[in-house]
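Written out below as structure tokens is the structure these notes cover.
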Amino acid sequence: MAEKIGWTYSVQALGGPTVTGSGSMLVDSYVKLSVVVPKKKTLDVEIQPGAGSSLQILLIQPVTPSPDLSYKAGADTVVLDGPHVLIGSGAVNLLAASVGKLTFDNKSDVDAGISILAGRDATPP
């Protein structure tokens, strides 16, 4: 049975326009993870089994965004200096088609908490 994930965003340029959006999507399954990346360490986190091309939505939210916190998806290193929200398989695949596992790197002097929410199609074509 499909699960429904709802999403909403609002971004405002101070003194300027606001862009908002909302919607929902059906996914076959989802996972919600809370991990802690120890200071000065890396941590491999399995987001889903196998390749990541079946991901439909991915949220990576650090408790404390930092330029010293990053993750690798495929060959790309992405700085986690704010929440990362990717909605739709096209957006998720911008990271890498193989986002089954992410490797987080914490170069700071404090442990880093991260929340992850991922929804996927369990029977991709």
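Read the figures in this text as sums done on the coordinates, not as results from a lab. In this text the structure is predicted, and so the values were computed from the model without any measurement. Glycine also receives a Cβ, built like all others from the backbone with ideal geometry; neighbour counts cover every protein chain displayed.
Laid out as a table, the results:
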quantity	calculated
Filtered residue count, the range 89-125, keeping only those that are within 17 Å of Asp28 (Cβ to Cβ), exposed (fewer than 14 other Cβ atoms within 10 Å of the Cβ) and in contact (Cβ under 8 Å) with a residue 24 or more places away in the chain	3
Enumeration of residues in the range 54-65 that are within 14 Å of the chain's Cα centre (by Cα), surrounded by fewer than 17 Cβ atoms within 10 Å (Cβ to Cβ) and either at positive phi or of a type in the set (Val, Ile, Thr) (or both)	Val63
Total residues in the range 1-16, condition without any contact (Cβ under 8 Å) to a residue 12 or more places away in the chain, surrounded by fewer than 10 Cβ atoms within 10 Å (Cβ to Cβ) and closer than 21 Å to His84 by Cβ	3
Residue that is of a type outside the set (A, V, I, L, M, F, W, C) and closer than 30 Å to Met1 by Cα, where the choices are Ser66, Ser108, Ser70, Ser115	Ser115
Qualifying positions in the range 17-30 - loosely packed, with under 13 Cβ neighbours inside 10 Å and touching a Gly at 6+ places or on another chain (Cβ under 8 Å)	Ser22, Gly23, Ser24
Selection status of Leu58, in contact (Cβ under 8 Å) with a residue 60 or more places away in the chain and within 19 Å of Phe104 (Cα to Cα)	yes
Residues (part of a loop (DSSP other than H, G, I, E, B) and loosely packed, with under 14 Cβ neighbours inside 10 Å) located in the range 37-50	Pro38, Lys39, Lys40, Pro49, Gly50
